Amino acid sequence: MSADGGRGTPSMEGPVCPVPKTDHPRVQLSHGGGGRLTQRLVEEVFLPAFSNPMLEARHDGAVFEVGGARLAFTTDAHVVSPLFFPGGDIGSLAVYGTVNDLAMCGARPLYLSAAFILEEGLPIADLKRVAASMSGAARRAGVQLVTGDTKVVGRGKGDGLFISTSGIGVIEHRLTVAPSSIRPGDAVILSGDVGRHGMAVMAVREGLSFESSIESDAAPLNGVVEALLGAGIGVRVLRDLTRGGLATCLVELAEARGVRIDFDEELVPVREDVEGACEMLGFDPLYVANEGRLVAVVPHEQAEAAVAAMRARPESSDARVIGRVGPEGRPSVVLRSSIGASRLVDMLSGEQLPRIC
């Protein structure tokens with residue numbers, strides 16, 4: 001810390017970069033960014049209050065048995081701004097987000113619920129458009145929305161529309177698809193290009209235009225998971241890339257299992273227009289949100305078959321192995337850059353793109 005208490009003035013020993021503040025007495029926007037502050041919120045507030053084995057698994061949903069059937073249950077909230085963006089809207093996002101969380105548990109999604117928080121003054125035409133989008137997304141994902149709730153808040157209290165969805169699915173295999181199943185030597189597979197959703201939303205929000213239209217990658221991933229399981233792949237863990245992007249996902253997996261994960265920057269696909277937008281706006285595509293991409297960790301000897309199964313699906317036609325799981329011990333994620341250097345990858349301490357999903 002600098003001599004004046006961290007305000008940025010150089011000390012007598014030279015300039016010092018202050019450590020980002022993480023001990024906030026009030027909720028910050030960055031607590032919702034999916035990075036270190038989100039992790040602290042979970043560890044310091046929610047886990048102590050609601051501690052139980054299913055919650056402590058820190059998966060995308062809870063897995064449990066009822067009457068001999070293995071089920072997965074999850075819930076999600078959606079606060080994207082603007083409500084409509086190239087490639088999707090808050091309605092389809094709400095459906096796909098919950099469907100994908102169930103799929104990451106290795107489940108076949110079945111039923112959803114939806115709670116709508118409407119701000120006074122929201123155009124009914126916009127609400128009808130969102131409802132129609134949700135209906136189409138549910139059909140595409142093969143699920144039904146079977147129950148819900150509606151509340152209205154005053155003007156200026158709800159930013160138009162918030163949607164919270166929950167879902168339940170059935171697990172029809174005996175695999176334990178969870179971070180605890182990861183083994184040293186496993187292959188790390190990415191389902192496709194990264195960064196499109198975040199840049200699509202950002203472009204509309206800021207009124208930016210590029211040479212080509214950047215559309216969100218929002219899509220249901222349950223078909224990709226069914227293809228992996230149908231091919232007999234012994235999937236270790238699945239994780240969809242949402243807030244915090246690919247980098248945060250890999251850090252979460254490494255820390256949950258206590259392993260090192262190595263991956264190669266040259267193997268991570270980023271569309272040229274997305275890369276250009278990120279460079280112009282100062283974002284790292286490895287941390288930009290996605291809504292239709294996943295990471296699958298599978299046994300090394302099944303990596304080729306897993307990639308082939310994923311490429312047979314349109315949502316993951318560009319799937320590829322991007323890295324491997326290293327030894328157990330101090331958890332870390334190491335990126336081999338395009339120039340051949342290696343560097344540690346960590347979660348962001350703040351919020352890169354707020355209100356993105």
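Tabulated values for the structure
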read-out: Leu127, sole failed condition from (1) outside any helix (DSSP H, G or I); (2) among the hydrophobic types (A, V, I, L, M, F, W, C); (3) over 18 Å from Gly167 (Cα atoms); value: (1)
read-out: Unique residue being aliphatic (A, V, I, L, M), under 19 Å from Leu238 (Cβ atoms), within 22 Å of the chain's Cα centre (by Cα) and not in a strand (DSSP E or B) when the list is Ala103, Ala137, Ala94; value: Ala103
read-out: Evaluation of Thr242 against (1) at pLDDT below 95; (2) closer than 16 Å to Leu190 by Cβ; (3) more than 16 Å from the chain's Cα centre (by Cα) (one fails), failing number; value: (3)
read-out: Failed condition for Ile117, given (1) surrounded by fewer than 13 Cβ atoms within 10 Å (Cβ to Cβ); (2) β-branched (Val, Ile, Thr); (3) touching a Gly at 6+ places or on another chain (Cβ under 7 Å); value: (1)
read-out: Residue within segment 107-123 that is outside any strand (DSSP E or B), in contact (Cβ under 8 Å) with a residue 24 or more places away in the chain, aromatic (Phe, Trp, Tyr) and closer than 19 Å to Asp60 by Cα present; value: no
read-out: Every residue from segment 32-89 that is part of a strand (DSSP E or B), without any contact (Cβ under 8 Å) to a residue 12 or more places away in the chain and closer than 29 Å to Leu118 by Cβ; value: none
read-out: Residue satisfying condition, being touching a strand residue (DSSP E or B) at 6+ places or on another chain (Cβ under 8 Å), modelled with pLDDT of 95 or more and under 28 Å from Pro220 (Cβ atoms), within set Pro314, Pro269, Pro327, Pro331; value: Pro269
read-out: Out of Leu229, Leu175, Leu190, sole residue that is modelled with pLDDT of 95 or more and surrounded by fewer than 17 Cβ atoms within 10 Å (Cβ to Cβ); value: Leu175
read-out: Given (1) assigned to a helix (DSSP H, G or I); (2) among the aliphatic types (A, V, I, L, M); (3) at pLDDT 95 or above, index of the condition Ile163 fails; value: (1)
read-out: Meets criteria (at positive phi, at pLDDT 95 or above, in contact with a Pro (Cβ under 9 Å, 6 or more places away or on another chain) and surrounded by fewer than 18 Cβ atoms within 10 Å (Cβ to Cβ)) for Gly195; value: no
read-out: Pair list, Cβ < 7 Å and 6+ apart or interchain, from segment 146-159 residues that are assigned by TED's automatic domain parsing to the domain that holds Ala131 to residues that are of a type in the set (Gly, Ala, Ser) and surrounded by 10 or more Cβ atoms within 10 Å (Cβ to Cβ); value: Val146/Ser113; Thr147/Ser113; Gly148/Ser113; Gly148/Ala114; Gly148/Ala115; Asp149/Ala115; Arg155/Gly121; Asp159/Ser81
read-out: Residue count for segment 177-221, restricted to those that are more than 17 Å from Ala103 (Cβ to Cβ), part of a loop (DSSP other than H, G, I, E, B) and aliphatic (A, V, I, L, M); value: 4
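The values are calculated or read from the model by the stated rules, or taken from the named source; none is laboratory data. The shown structure was predicted, so the numbers you read here are calculated from the model rather than taken from an experiment. Neighbour counts are summed over all protein chains in view; Cβ atoms, including those assigned to glycine, are modelled from backbone coordinates with ideal geometry.
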